[in-house]
Amino acid sequence: MNDSRKNLIENNLDSLREAIDVAAIAAGRDPVSIKLVAVTKSHPLSDIEIALSHGQQTLGENRVQELTEKIEATKEHGLACEWHMIGTLQTNKVRFIVGEVALIHSVDRIRLLRAIEKYASQQGIVQDVLLQVNVSGESSKHGFGPENLGHVLEHQQDFPHIRIMGLMTMAPHFEDPEQTRPVFARLRQLRDELAVKYNSPQLTELSMGMTNDYIQAVGEGATLVRVGSAIFGQQYC
């Protein structure tokens, strides 16, 4: 293990955790209520081992092939961790990750819910998911429109092998990350309104905020922040 690489990742994790704690306290929140998802995209198993050895237990991946390879590698090496699928998910790839990940963040259409239900039912499990919401309305972003979330929650009984745990969004990229706050605040408002209207107390999670804007996301109520380059640096493998 490269000592300089080890020091870099450990120092980055320490700085990131401290920044999350400070942002949480400033917002009147308990830092324990926020989970850091370390995004390992394009980084090797050796980096994952460093992060895990430094107390980082939740990992996220954007692509199914890389996710399944890393799940298998961590199992083979006896590395205990929790994997999340955070990227766009094609219906024909669902069978590879249902039951293998603790949480799917990126459920963005009814057809995908049906596919997850099918494979979770076959395994006799309940798969936890988040509904991805296109809060900003950008054509380049995936996700349900805010106006369509009620329809999904009205039909939760159609998916007995899925547990909808909350919402996820990606804010537009701004040079000034403070401009992301209205997007994150709107997602929190949607979550709170839906939990009451559809009697869904399990809607507790808000996955929002990445390297550029996780401070603002924490300030607006994020329970899950997805951070990669602030931990591992730029993708290089």
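Tabulated results
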| read-out | value |
| --- | --- |
| Cβ-Cβ under 9 Å pairs, at least 6 apart or on other chains, the range 49-65 side within 13 Å of Asn7 (Cα to Cα), far side outside any loop (DSSP other than H, G, I, E, B) and small (Gly, Ala, Ser) | Ala51/Ala38 |
| Unmet requirement for Lys70, which otherwise passes all of (1) of a type outside the set (S, T, N, Q); (2) at pLDDT below 95; (3) within 30 Å of Gln90 (Cα to Cα) | (2) |
| Unique residue being surrounded by fewer than 14 Cβ atoms within 10 Å (Cβ to Cβ) and not in a loop (DSSP other than H, G, I, E, B) when the list is Ser106, Ser4 | Ser4 |
| Count of residues meeting criterion [over 13 Å from the mean Cα position of the chain (by Cα) and of a type in the set (Val, Ile, Thr)] in the range 58-111 | 9 |
| Candidates Val98, Val133 - the one that is touching a strand residue (DSSP E or B) at 6+ places or on another chain (Cβ under 8 Å), at pLDDT 95 or above and closer than 17 Å to Leu203 by Cα | Val133 |
| Selection count, the range 17-45, where residues are within 22 Å of Val101 (Cβ to Cβ) and assigned to a helix (DSSP H, G or I) | 2 |
| Any hit, the range 76-85, residues being assigned to a strand (DSSP E or B) and surrounded by fewer than 18 Cβ atoms within 10 Å (Cβ to Cβ) | yes |
| For Ser207: the one exception among (1) in contact with a His (Cβ under 7 Å, 6 or more places away or on another chain); (2) surrounded by fewer than 16 Cβ atoms within 10 Å (Cβ to Cβ) | (2) |
| Condition met for Leu52 (surrounded by 15 or more Cβ atoms within 10 Å (Cβ to Cβ), touching a strand residue (DSSP E or B) at 6+ places or on another chain (Cβ under 7 Å) and not in a loop (DSSP other than H, G, I, E, B)) | no |
| Residues that are of a type in the set (Gly, Ala, Ser) and in contact with a Ser or Thr (Cβ under 9 Å, 6 or more places away or on another chain), drawn from the range 5-25 | Ala24 |
| Residue count for the range 66-91, restricted to those that are in contact (Cβ under 8 Å) with a residue 12 or more places away in the chain and farther than 15 Å from Leu130 by Cβ | 13 |
| Failed condition for Leu67, given (1) within 24 Å of Met208 (Cβ to Cβ); (2) touching an Asp or Glu at 6+ places or on another chain (Cβ under 7 Å); (3) part of a loop (DSSP other than H, G, I, E, B) | (3) |
| Residues (hydroxyl-bearing (Ser, Thr, Tyr) and under 13 Å from Val225 (Cα atoms)) located in the range 28-73 | Ser33, Thr58 |
| Helices (runs of 4 or more DSSP H) contained in the range 122-237 and holding at least 2 residues free of Cβ contacts under 8 Å to residues at least 24 places away in the same chain | 181-197 |
| Flag for Ser200 being at pLDDT below 95 and farther than 23 Å from Lys35 by Cβ | no |
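The values are calculated or read from the model by the stated rules, or taken from the named source; none is laboratory data. The structure presented is a predicted model; accordingly, all values stated were derived computationally and were not measured. Don't worry about glycine lacking a Cβ; one is built from the backbone with ideal geometry, like all the others, and counts go over all protein chains shown.
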